[in-house]
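Reading through the structure tokens given below for one structure.
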Amino acid sequence: MKIAIASDHAGYQEKEQLKPVLNELGIEFEDLGTGSEESVDYPDFARKVGEKVARGEAEQGLLVCGSGTG
């Protein structure tokens, strides 16, 4: 299984903590950002994940954000 993952700035640390867990479970993933805690717009990253899943380039998507709506 391959999943696309992304976060906004508020979810960045949690996303980074999930990556070793995914590796340990043998789950292939593509990190679509963000790459830091610098402020970004969440919808930009949600769109990237959604497009990957819609195109069949990832089976699932995982979004992490500060609001909890991901």
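The values are calculated or read from the model by the stated rules, or taken from the named source; none is laboratory data. Since the structure is predicted, the reported quantities are computational estimates derived from the model, not experimental observations. No Cβ is skipped: glycine too gets one built from the backbone with ideal geometry, and neighbour counts run over all protein chains shown. Heads up: the accessible areas ignore ligands, DNA and RNA and are worked out on the full protein's heavy atoms, side chains in. Shrake-Rupley method; radii C 1.70, N 1.55, O 1.52, S 1.80 Å.
Calculated accessible area for the chain comes out at 61 Å² per residue, all protein chains present (probe 1.4 Å; ligands, DNA, RNA ignored). Solvent-accessible area assigned to carbon and sulfur over the chain amounts to 47 percent, based on a 1.4 Å probe.
For the chain, the gyration tensor built on C-alpha atoms gives an oblate shape. Its axis ratio a/c (a ≥ b ≥ c) is at least 1.5, and a/b is not larger than b/c. Taking 49, 21, 40 as the candidate residues, the one with maximal mean-square fluctuation in a Gaussian network model of the chain, Cα springs under 10 Å, is 21.
Of the residues 12, 63, 1, the one whose Cα sits farthest towards the positive end of the charge dipole of the chain is 1 (charges of +1 on Lys and Arg Cβ, -1 on Asp and Glu Cβ, taken about the Cα centre). Database remark: amide H of residue 62 closer than 5 angstrom to the amide H of 4, 5, 6 (H placed geometrically; neighbours at sequence offset of 5 or more, or on other chains; Pro and chain starts carry no H). Subtracting the Cα-Cα distance of residue 13 and residue 44 from their residue separation scaled by 0.36 nm leaves 9.4 nm.
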